[in-house]
Structures are given as structure tokens and as C-alpha cells.
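The block underneath contains the structure these notes are about, expressed in C-alpha cells.
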Amino acid sequence: MTALRTLLLTAVVLLTGCGANKTTPAEFLKGFEPIRQRIHGYDAAMSAPYTPRLSTANLGRVNSEVNKVPYRSDPHRKWIAPRDFWSVGGDCEDYAMAKAAELQAAGRQGLWLAVLTNGPAGEAHAVLVAEDQGGMVTLDNREAKLVPWSITAARYEPAYIVSVGTGQVFRTRHRARIRSGIAPPNY
């Protein structure tokens, strides 16, 4: 049922035009509620000193360049500091944090690390979500181009987001089932 729902929603979005289904920042945040918990691995990784490599706030360029770094599976779900990512690679949350660090260094705001679930096993995937021209787009290590948030939300079930600027965690108002170590503690 989930695959059919995803297929139908994606088809509707594509047939009606991506611009017609733009998610505003307010609509994006409406689906989440703040929680008190912090993700210590995220906080430690993002607080490490970082020297940007790309010096651009262009979302497409950052997504493309960071996606060139080799993927490295991490069954232990260790959060890699963005400064180390460039030399050791990483998995989905590490790509998202490297993109966030680059964009934050270039002065971009409105950045969110989003953890999503997919499939009946609740497999987790992380992406960076950014505000762009009044809408929200996804920077994903699995996608060469930026993807509107509405399409990402149709493909996956959002579980929680982390504000890149503050580290504040927000969980979805519709609690997703996660079977991965990157879920917030006591989720």
C-alpha cells in the first residue's frame, strides 16, 4: 500500500507540476513538534571546527559536489563530523551534515536534517532540507538534483527533523516507526 501511495502521489505532483505543490517553510514546520531531547552524536559532529571546501550557497552545486564523496556504510550509525567526511566518506546522515556545514558556512539559513522512514521495516534515511525561493527542497545523497519536499514526503514517512542552526529536535506529529540507531533517544 505504501508503494502504491508513493507512486500515486509522485505521479500527481509530476503531472500537475512541481511548482504547483511547493511546500512553504510554515507548512513544512506545521508537521512537526519540538521535543526536549538532543542527539548527542549530531551535536558533537556539528560542533567540531569546519573549514568549508566549496564556498558557495548554491544548493544544487553543494548537493552535487558532496554527493561525489564515496558512500560508506555504517552499521553502527556513528555521526561523522563534516570535516572528517571529506576524507572518510559516510552514510546518509553524514552527507546531510556535510551539506549543512557547507551551506551554513556560506551564510544559508533555514536548514534541517530530516530523518525519514521507508518500507514496512521502518528503514531510516537522512536528508538535508533547505528553504529555497519560498519553498522547501531536499538535498539527498541518492538524488543528483534537488527534490521538492512534497515529493520526498510522498516517498518516505518523515520521522523527525533537527534544526541545523540550533540542534533542536522536532518529531513528526504522526509518529513514524523507526528501527534504526539514528532515531532520537526514547523515541
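The values are calculated or read from the model by the stated rules, or taken from the named source; none is laboratory data. Everything numeric here is computed off the predicted structure, so don't read it as measured data. Cβ: placed from backbone, ideal geometry, glycine included. Neighbour counts: every protein chain shown.
When the residues of segment 131-169 are filtered to those that are in contact with a strand residue (DSSP E or B) (Cβ under 9 Å, 6 or more places away or on another chain) and of a type in the set (G, A, S), which remaining residue is surrounded by the most Cβ atoms within 10 Å (Cβ to Cβ)? If we take residues in segment 131-169 being in contact with a strand residue (DSSP E or B) (Cβ under 9 Å, 6 or more places away or on another chain) and of a type in the set (G, A, S), then A159 is surrounded by the most Cβ atoms within 10 Å (Cβ to Cβ). Is it the case, given these coordinates, that T51 is more than 17 Å from the chain's Cα centre (by Cα), among the β-branched types (V, I, T) and surrounded by fewer than 15 Cβ atoms within 10 Å (Cβ to Cβ)? Criteria met by T51. If the condition is being surrounded by 14 or more Cβ atoms within 10 Å (Cβ to Cβ), aliphatic (A, V, I, L, M) and over 15 Å from the mean Cα position of the chain (by Cα), then segment 19-47 contributes I35, A45.
Counting residues in segment 142-149 that are at pLDDT below 95, outside any loop (DSSP other than H, G, I, E, B) and over 21 Å from E65 (Cβ atoms) gives zero.
A count restricted to segment 127-141 and to residues that are at pLDDT below 95 and of a type in the set (A, V, I, L, M, F, W, C) stands at 0. Filtered by the rule that a residue be closer than 19 Å to Q109 by Cα and exposed (fewer than 14 other Cβ atoms within 10 Å of the Cβ), segment 59-78 gives a lone residue, R61.
Scanning segment 89-108 for residues that are more than 14 Å from the chain's Cα centre (by Cα) and among the aliphatic types (A, V, I, L, M) yields A105, A106. Can we say Q109 is touching a residue at least 12 places away in the same chain (Cβ under 8 Å), part of a helix (DSSP H, G or I), surrounded by fewer than 22 Cβ atoms within 10 Å (Cβ to Cβ) and out of contact with any Pro (no Cβ under 6 Å at 6 or more places or on another chain)? The answer is no for Q109.
Against the conditions (1) closer than 21 Å to D43 by Cβ; (2) charged (D, E, K, R); (3) surrounded by fewer than 24 Cβ atoms within 10 Å (Cβ to Cβ); (4) touching a helix residue (DSSP H, G or I) at 6+ places or on another chain (Cβ under 9 Å), E93 satisfies every one except (3). Among residues of segment 135-147 that are touching a residue at least 40 places away in the same chain (Cβ under 8 Å) and within 15 Å of P25 (Cβ to Cβ), those with a beta-carbon under 8 Å from a residue that is assigned to a loop (DSSP other than H, G, I, E, B) and β-branched (V, I, T) at least six positions away or on a different chain give the pairs G135/T23; G135/T24; M136/T23; M136/T24. Listed conditions (1) out of contact with any Leu (no Cβ under 8 Å at 6 or more places or on another chain); (2) among the hydrophobic types (A, V, I, L, M, F, W, C); (3) modelled with pLDDT of 95 or more are all met by L59, apart from (1). Taking segment 150-174, which residues are hydrophobic (A, V, I, L, M, F, W, C), in contact with a Ser or Thr (Cβ under 6 Å, 6 or more places away or on another chain) and part of a strand (DSSP E or B)? Within segment 150-174, A159 is the sole residue that qualifies.
For segment 1-53, a residue qualifies if it is at pLDDT 90 or above, within 20 Å of V137 (Cα to Cα) and in a helix (DSSP H, G or I), and the qualifying residues are P25, A26, E27, F28, L29, K30.
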